[in-house]
Structures are given as C-alpha cells and as structure tokens.
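First up is the structure itself, then whatever we jot down about it.
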Amino acid sequence: MTQIPESTPESEPLSVTDAATVLLLQDGAQGLEVLLICRHIQSNVLGGVYVFPGGKHDATDFSFHHTAQRETWEEVGVRLEIDQLIPWSRWVTPRQPTVSSRRFDARFFVAAMPADQEALHDNHEATETLWIRPAAALERYGKGDLPLAPPQIMSLIHLAHYPNTASVLAAAPSEPPYILPEVVIENGERMICCPGDPHHPMSEPAQPGPRRLYYRKGRFEVEGCWGDFPSAACA
C-alpha cells in the first residue's frame with residue numbers, strides 16, 4: 001500500500017501557491033464516473049497519489065479557468081472550452097499541512113468530458129488515467145490500493161451523491177464553498193476538521209460528507225465509512 005508522506009514541521013508559515021484542478025466527468029454504464037490520474041512517484045507533490053488533473057496558476061494564465069483549461073490539456077490531452085469549466089469548490093491546504101511540505105489554494109471546477117476526445121496521461125507528471133465511479137474509488141481507497149489526499153476523498157464523497165454528469169453540473173453552487181481545514185490533535189490522534197466540525201471555527205458545513213478525517217498509519221480514515229460505502233457516516 002502506498003502511504004501518503006507526512007509533511008515535516010516548518011519553523012515559518014508556508015507560502016500558499018494558487019492552483020486549479022478539474023473534476024472531469026462522464027456517464028458510464030453504471031452511472032457517473034470521474035477521471036483520476038496517478039501522480040508520478042518521483043513528483044515532489046503527492047507522488048504516487050491519485051488526484052484530479054490540475055496544477056499551479058502561472059503568471060501567463062488569464063484566470064483560474066485558464067489554468068484549469070491549460071493543465072487539463074497538458075496532463076491528459078483534453079481540450080476544454082472556458083465556458084465548460086464550472087466552479088465547484090475551493091480548497092486551501094491547512095496552515096499546518098499533513099501530507100505535503102507545500103500549501104495550495106486550489107480552485108476546483110467540474111466539466112463534462114467532450115464526447116469526441118480521449119483522456120491520456122502524459123507519462124511525465126501522470127503515469128495512469130483512471131475513469132471510475134466515485135463510490136468505487138472510495139471503496140478501493142478503503143482497501144488500500146488507491147492512495148488519495150483529503151480534497152480528493154471529500155470531493156469523491158460529494159460526487160457520490162449524484163447519479164450522472166448533468167445532475168452534478170446542475171448542482172454547481174453560485175458561490176463555491178471555501179474550505180480551509182483545521183489540523184487538530186485530540187487524545188494524541190491527529191485529524192483534519194472541515195467546516196461544520198465542532199473543532200472548526202465555521203459552524204456551517206461547506207458541502208455534503210464527513211466533517212473530519214483521521215490520520216492513521218500514514219493514511220486518512222473516515223470512521224464507519226469505508227466498509228459499506230456510502231454509509232450514514234458519509235451522508
């Protein structure tokens with residue numbers, strides 16, 4: 001099982017890098033599917049972990065939409081029009097990051113996969129492309145054979161509530177939720193808490209799904225959620 005590397009403590013606050021990522025969607029035989037790519041094992045950011053296509057915002061990018069458009073083309077060879085990219089959420093790495101020594105302010109977009117194109121990994125930044133149902137991805141994660149980071153876990157849980165691409169696009173919020181998890185240590189156990197959790201300063205949940213993830217033995221867990229996904233714990 002690939003473990004997510006734990007970040008090393010920093011004496012100074014880490015700077016935040018702007019980024020954008022795309023939840024690319026299609027309708028498969030059993031319902032909604034999302035594209036995951038496996039980061040190259042030697043990558044200095046989440047090497048060996050499955051993520052959505054995306055990357056950092058460059059100075060030459062006109063907007064975060066353009067960053068998402070460019071990165072999707074560079075990483076999986078899919079050309080999207082700007083108006084196909086619909087804002088979905090905004091995730092910011094905790095002030096005390098758990099899985100990386102870098103922090104990101106990432107804008108998440110949803111988009112329908114163009115019917116006349118094919119997603120192929122570049123064999124440089126990504127070594128695998130995988131179309132998979134959100135619930136199936138979470139089941140594999142629970143078994144230990146599909147490494148994921150917190151934003152991907154939470155986003156997959158959210159997507160698992162929808163039957164098809166059209167329902168996701170129709171549910172896109174007018175103002176994407178801002179999600180800055182808090183790292184909390186309780187009774188010697190490390191966890192990250194999202195809006196709606198008693199340990200988080202924002203009392204209202206930002207999106208459907210669990211409010212906290214426990215960091216155990218190099219990976220994240222949601223209590224009561226993986227054995228028979230989706231369970232009441234993930235509602």
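Data overview
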| quantity | calculated |
| --- | --- |
| Some residue of region 193-202 being buried (at least 16 other Cβ atoms within 10 Å of the Cβ), part of a strand (DSSP E or B) and free of Cβ contacts under 8 Å to residues at least 24 places away in the same chain | yes |
| Conditions (1) closer than 28 Å to Ser63 by Cβ; (2) at pLDDT below 95; (3) surrounded by fewer than 22 Cβ atoms within 10 Å (Cβ to Cβ); number of the one not met by Leu148 | (3) |
| Test set (1) part of a strand (DSSP E or B); (2) touching a His at 6+ places or on another chain (Cβ under 8 Å) - Pro208 fails condition number | (1) |
| Residue in region 124-138 that is in a loop (DSSP other than H, G, I, E, B) and either modelled with pLDDT under 95 or hydroxyl-bearing (Ser, Thr, Tyr) (or both) present | yes |
| Residue count, region 120-140 (criterion: under 16 Å from the mean Cα position of the chain (by Cα) and farther than 19 Å from Gln30 by Cα) | 1 |
| Scan of region 22-31 for residues that are open to solvent by 10 Å² or more (accessible area, probe 1.4 Å) and either small (Gly, Ala, Ser) or in a strand (DSSP E or B) (or both), ordered by number | Gln26, Asp27, Gly28, Ala29, Gly31 |
| Qualifying positions in region 33-58 - in a loop (DSSP other than H, G, I, E, B) and at pLDDT below 90 | His40, Ile41, Gln42, Ser43, Asn44, Val45, Leu46, Gly47, Gly48, Val49 |
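Quick grid of which residues meet (1) in contact with a Cys (Cβ under 8 Å, 6 or more places away or on another chain); (2) farther than 18 Å from Tyr214 by Cβ; (3) open to solvent by 10 Å² or more (accessible area, probe 1.4 Å):
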position: Leu130; (1), (2), (3): yes, yes, yes
position: Pro134; (1), (2), (3): no, yes, no
position: Gln152; (1), (2), (3): no, no, yes
position: His158; (1), (2), (3): no, yes, yes
position: Thr165; (1), (2), (3): no, yes, yes
position: Ile179; (1), (2), (3): yes, no, no
position: Met191; (1), (2), (3): no, no, no
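So that you can scan it fast, the table gives a plain yes or no per residue for (1) crowded, with 18+ Cβ neighbours inside 10 Å; (2) in a helix (DSSP H, G or I); (3) modelled with pLDDT under 95; (4) of a type outside the set (A, V, I, L, M):
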{"residue": "Asp83", "(1), (2), (3), (4)": "no, yes, no, yes"}
{"residue": "Val99", "(1), (2), (3), (4)": "yes, no, yes, no"}
{"residue": "Ala111", "(1), (2), (3), (4)": "yes, no, no, no"}
{"residue": "Ala119", "(1), (2), (3), (4)": "yes, no, yes, no"}
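The values are calculated or read from the model by the stated rules, or taken from the named source; none is laboratory data. Just so it is clear, the structure is predicted and the values come from calculations on it, not from any experiment. Don't worry about glycine lacking a Cβ; one is built from the backbone with ideal geometry, like all the others, and counts go over all protein chains shown. Side chains included, ligands, DNA and RNA excluded: accessible areas come from the protein's heavy atoms. Shrake-Rupley method; radii C 1.70, N 1.55, O 1.52, S 1.80 Å.
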